[in-house]
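Every number here is computed from the coordinates shown, using simple stated rules; none is lab data. None of the values given here were measured: they were computed from a predicted structure. No Cβ is skipped: glycine too gets one built from the backbone with ideal geometry, and neighbour counts run over all protein chains shown.
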């Protein structure tokens, strides 16, 4: 037979869950405006306004060829090319696959010029899965800085953009 305190704890747990359910439903209908921090012109996003990119694996993502990026950077620094090629061309952009292999999460990508690249993203698949599940979603979009955050086709549109 259980001690009476166990029945009390169970009752308290059920009551707390019921109270949270009611509170959550009330907040869904009676929402207060979001807080606007002093450093921002826009309010913080509420949880239902945040978006999550597709996560999990296997999946396809956008990436960059590390060799193409180094070569483009050097050509710009040497004055051979104008920096605006980064805004107007897709320098080094390639598709990549994120897969699980031998208990690791690996990004596999192939550049038509420089060949195949494989990068280990995580050595522990369970921890990586936990990180992805814990991702809260997008934050405030960049604003009032059209020039600062303009990276052409490489402009970050979600916080999980892979490189």
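Mind counting the residues in the range 23-42 that are without any contact (Cβ under 8 Å) to a residue 60 or more places away in the chain, part of a loop (DSSP other than H, G, I, E, B) and surrounded by 10 or more Cβ atoms within 10 Å (Cβ to Cβ)?
Total meeting the criteria: 4.
Go through the range 107-126 and report how many residues are out of contact with any helix residue (DSSP H, G or I) (no Cβ under 8 Å at 6 or more places or on another chain), free of Cβ contacts under 8 Å to residues at least 40 places away in the same chain and outside any loop (DSSP other than H, G, I, E, B).
9
For the range 122-132, a tally of residues being within 18 Å of residue 54 (Cβ to Cβ) and more than 11 Å from the chain's Cα centre (by Cα) returns 5.
Does residue 51 count as within 19 Å of residue 116 (Cα to Cα) and not in a strand (DSSP E or B)? In short, no. Here residue 96 passes the criteria (1) touching a residue at least 40 places away in the same chain (Cβ under 8 Å); (2) under 30 Å from residue 116 (Cβ atoms); (3) loosely packed, with under 10 Cβ neighbours inside 10 Å except the one numbered (3).
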